[in-house]
Amino acid sequence: METKQFKAESKKLLEMMINSIYTHKEIFLRELISNASDAIDKLYFKSLTDDAVGLNKDDFEILVNVDKENRKITITDNGIGMTRDDLENNLGTIAKSGSLDFKSNNELGEDVDIIGQFGVGFYSAFMVAKEVTVRSKAYGADKAYEWKSEGVEGYTIDECDRDKVGTEIILSVKDDTEEEKYSEYLEQYRLQSIIKKYSDYIRFPVKMDVEHSRKKEGTEDEYETFIERETINSMVPIWKKNKNELKDEDYNSFYKEKFFDYTDPIKHVHVKTEGTATYNALLYIPAKAPYDYYTREFEKGLQLYANGVLIMDKCADLLPDHFSFVKGLVDSEDLSLNISREMLQHDRQLKLIAKSIEKTIKNELSKMLKNEREKYEEFYKAFGLQLKAGVYSSYGMNKDTLCDLLMFYSSNEEKLTTLEEYVSRMREDQKFIYYATGESIQRIKSLPQTEMVLDKGYEILYLTEGVDEFAIKMLNTYKEKQFKSISAGDLDIETPEEKEEIKAKAEESKEMFAFMKETLGDKIKEVRLSQRLKSHPCCLTSDGDLSLEMEKVLNAMPTDNKVKAEKVLEINPDHAIFGKLKELYNDDKEKLKKYTELLYTQSLLIEGMSIDDPVGFSNMICDLMTGK
Ligand code: ADP
Ligand code: MG
């Protein structure tokens, strides 16, 4: 019998399969079952118009059988079958452009990815089989043929005996090695679970002859085994069912089983669309962030199905980073099983689906915020950080999508509030959206800077997370109202008279402030009379874009590039300390130097910033205590 050579490209792919170190070799079964299902689809389609087929819809089936002793797995279908030419053309040549589009440079890293994410069709059988036999009879043909191959050496095609139309694929499972226990694929329960995992939603029944045992009739403790043909797959995916057939429990238990969570999700969304992007999707918002969510290890993505067949476990392209917490799946009829990753990334259909999914998630969150406030706050506790990071990242590209989903703690409401709510409460004369930053609500409340703003009746947003101010700065404005840190620049909260008064006082003490600035050197930019303090003696504020909080956050990161905010030491003109400073400026400049140093260090402490010389600070206070 003549041995034929594989075409060059096919040989390469085959080599890759045979030597694959890919750890999820189990997908070979998904590929073979999906081919069987395709073949049945074709004959089923024919049967609709051609009575000669002689099969009803219920007659079609895929049978998976295992012969442990002889180390064989057989996959049989009663689909359209293959002629001699089909066998030659379909199995001897991999003609599909998609599957070999990737760089077949045999760098394993790359290849492994391709196998995992897309599978590579029929040849994946060679990941677990040392010999593959395909026996097939095409519909309408009168002869059956057998294709056989042990791998790269080539294949043979010969006539064989087979009465029924359809295809039978026999795998001779490889021998176990140190690294790989191929025998696991000869275990019935293992095959069952692989079928459930990857092919649950194949439209035709995937059956197995399952061995059971029962008590022998008329005996006390004797057992006998019997075989029952069982359908392993459920055939109808939950996402293809009608929404009114499904209860919350159905959605939730599916979620927990599929996405390995113990807790019910906060929300599920069942999408069925037709039009520019035709797909079904089941989307879930988890109640809690997974333990690795805010780490580099976390991988976002939705499961991707092509017409009921799982082709990718985590398709990252379907989810924007700011919604990376969403779990779920997408099933589209417009995607092909053998599409390569590169192609998928550029796939127009996939992009449309991703856009539509982003919109859906946004709408659902907005709806939840409006109608189920408590639920939304629970969600926000888990994933608000991600939304805020989303505003900040990509140069603010997504800020318009996200700004109405943000919440911050409000001084007025003493709970989370949205920006829209804040703006709706703004006083007529109020120009800015005020915010304050700090480690905790408690800390912010006691900041010297908040007192006056609150006293004048303005609402402040309290920002307690590192990313908050970065997000706010990226937003810059909301509904044309500018954000304003209570620790930076002009707050515009005084009356014109108050402003004049301060100006005059500042002018009077100009030289003293210059002296104090001199004392502190380049630690600060300026010493100034404050317009924002009520009862507190002093505070630290910043000029320029970098705030004190941002300095803290950025310098806490592991980098050598330390940043420095332009700090301003502000003195309260209405506090007794101001009079004292003036007195010292006239009588005791050395002491004024010490006091300046003290006030500066105190301000640092109030801001929660580290001080350069704690021992020096402590000594200075002792000197003060002992009247030195
Ligand atoms: P794909 O399924 O993407 O076409 P495969 O490598 O999985 O790629 O299969 C190659 C071809 O072999 C199929 O397109 C089909 O024509 C043929 N084929 C494979 N398995 C079967 C089968 N069970 N019945 C009929 N044809 C089959
Ligand atoms: Mg295939």
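The values are calculated or read from the model by the stated rules, or taken from the named source; none is laboratory data. All values reported here derive from a predicted model rather than from experimental measurement. We place every Cβ from the backbone using ideal geometry, glycine too, and count neighbours over all the protein chains shown. Just so you know, the surface numbers come from the protein's heavy atoms only, side chains and all, with ligands and any DNA or RNA stripped out. Shrake-Rupley method; radii C 1.70, N 1.55, O 1.52, S 1.80 Å.
One table, with the values for the structure above:
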item: Over 18 Å between alpha carbons, listed pairs Lys517/Lys562; Lys240/Lys272; Lys4/Lys174; Lys499/Lys534; Lys25/Lys196; result: Lys517/Lys562; Lys4/Lys174
item: q = 0.17, 0.18, 0.19 Å⁻¹: log10 I(q)/I(0) that the Debye formula gives for region 494-628, counting C-alpha atoms only; result: -0.98, -1.08, -1.18
item: Amide H within-cut-off set for Ala488, under 5 Å, with H built and near neighbours excluded; result: Ser542
item: Residue-normalised accessible area of region 238-380, expressed per residue, 1.4 Å probe, Å²; result: 51
item: Order of exposure, largest accessible area first, which applies to Phe254, Phe383 with probe 1.4 Å; result: Phe254, Phe383
item: Cα centroid of region 587-615 to Cα centroid of region 1-25, whole Å; result: 75
item: Portion, in percent, of the accessible area of region 238-380 that falls on carbon or sulfur, probe 1.4 Å; result: 46
item: Trypsin sites (Lys or Arg not before Pro) lying in DSSP loop within region 141-175, provided at most 13 other Cβ fall within 10 Å; result: Lys143, Lys164
item: Angle in degrees between helix 248-259 and the longest Cα principal axis of the chain, rounded to the nearest 10; result: 90
item: Region 8-231 shape via C-alpha gyration tensor axes, a/c threshold 1.5; result: oblate
item: List Arg30, Arg214, ordered by accessible area with a 1.4 Å probe, largest first; result: Arg214, Arg30
item: Label-point gap, in nm, between Asn19 and Asp85 - each point 7 angstrom along Cα→Cβ; result: 3.6
item: Within region 245-280, trypsin sites (Lys or Arg not before Pro) in DSSP loop having at most 12 other beta-carbon neighbours inside 10 Å; result: Lys247
item: q = 0.10, 0.11, 0.12 Å⁻¹: log10 I(q)/I(0) that the Debye formula gives for the chain, counting C-alpha atoms only; result: -0.94, -1.06, -1.19
item: Long-range HN-HN contacts of Ile80 with modeled amide H, under 5 Å; result: Ile40, Lys42, Leu43
item: Centre separation in Å (Cα based) which lies between region 542-569 and region 363-388; result: 31
item: Positive-end extreme of charge dipole, region 494-628 - chosen from Asn561, Met625, Thr601 (charges on Cβ); result: Met625
item: Long-range amide H partners of Asn412 with built H, under 5 Å; result: Ile460
item: Loop-located GluC sites (Glu not before Pro) in region 217-281, at most 12 other Cβ atoms within 10 Å (DSSP); result: Glu217, Glu220, Glu222, Glu274
item: Area accessible to solvent at Lys473, 1.4 Å probe radius, in Å²; result: 80
item: Region 238-380, dipole about Cα centre (Lys/Arg Cβ +1, Asp/Glu Cβ -1), debye to the nearest 20; result: 360
item: Residue among Ala306, Ser393, Gly79 farthest towards the positive dipole end of the chain, charges placed on Cβ; result: Ser393
item: Using θ = phi - 60° and Karplus 6.51 cos²θ - 1.76 cosθ + 1.60, couplings along region 368-385 (whole Hz; Gly, Pro as x); result: 5, 4, 6, 9, 9, 3, 4, 4, 4, 5, 5, 4, 5, 4, 7, 10, x, 4
item: Area accessible to solvent at Phe408, 1.4 Å probe radius, in Å²; result: 0
item: Rounded to 5, percent antiparallel among DSSP beta bridges of region 406-493; result: 45
item: Exposure of Tyr392 as accessible area (Å², to 10), given a probe of 1.4 Å and all protein chains; result: 100
item: Charge dipole magnitude, Cβ of K and R +1, D and E -1 - the chain, Cα centre, debye nearest 20; result: 1280
item: Net charge over other residues, Cβ less than 11 angstrom from the Cβ of Lys431 (K, R count +1; D, E count -1); result: -2
item: Cα centroid of region 160-231 to Cα centroid of region 414-492, whole Å; result: 65
item: Hydrodynamic radius of region 1-59 per Kirkwood, over alpha carbon pairs, in Å; result: 14.8
item: Full-stretch length increase - Gln5, Asn244 - with 0.36 nm per residue and alpha-carbon distance subtracted; result: 80.5 nm
